[in-house]
Amino acid sequence: MAISLDEVRHVAKLARLDLQESEVMSLQTELNALLGHFGDIQALSLEELEPILHASNLINVWAEDVALPSLRRESALKNAPISKAGLFLVPMIIED
């Protein structure tokens with residue numbers, strides 16, 4: 001299946017592209033080459049191949065979710081520029 005110059009012009013118009021005639025002809029050649037490659041792929045016999053779910057055979061490895069001691073509140077707030085009542089204070093960025 002080949003793409004005609006009229007079809008290239010129509011698609012260019014839909015895409016609101018202002019193409020010169022040389023660009024239309026060049027685009028037609030490139031699109032027909034792409035269709036040729038798609039035809040080659042479509043002609044492949046894949047019936048003997050087993051379907052795969054992913055291109056890589058890697059399996060997710062999850063670390064165990066283990067609770068560990070965390071920072072004490074005083075340690076976390078030690079380097080905070082401003083804190084109040086054990087909380088970080090940040091500048092207001094949304095005004096009423």
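Here are some notes:
- Helix axis angle, 5-14 relative to the chain longest principal axis, alpha carbon, degrees: 30 degrees
- Protection proxy ranking, peptides 53-62, 38-47, average beta carbon neighbours within 10 Å, highest first: 38-47, 53-62
- Share of carbon and sulfur in the accessible heavy-atom surface of the chain [1.4 Å probe, %]: 60 percent
- Point-to-point label distance, residue 60-residue 23, nm (Cα→Cβ direction, 7 Å offset): 4.5 nm
- The helix-only estimate of mean residue ellipticity at 222 nm for the chain, built from DSSP H runs of length n ≥ 4 each weighted as -39500 (n - 2.57), is -12000 deg cm²/dmol after division by the residue total.
- Of 63, 82, 53, farthest towards positive along the dipole that unit charges on Lys, Arg, Asp, Glu beta carbons give segment 41-82: 82
- Summed over the residues of the chain and divided among them, the accessible surface reaches 103 Å² per residue at a probe radius of 1.4 Å.
- Gain on full stretching of the segment that runs from residue 48 to residue 12 - 0.36 nm per residue minus C-alpha separation: 8.9 nm
The values are calculated or read from the model by the stated rules, or taken from the named source; none is laboratory data. All of these numbers come straight from a predicted model, not from anything done at the bench. Cβ sites come from the backbone with ideal geometry, for glycine too, and all protein chains shown count toward neighbours. Ligands, DNA and RNA are excluded from the accessible area calculation, which covers all protein heavy atoms including side chains. Shrake-Rupley method; radii C 1.70, N 1.55, O 1.52, S 1.80 Å.
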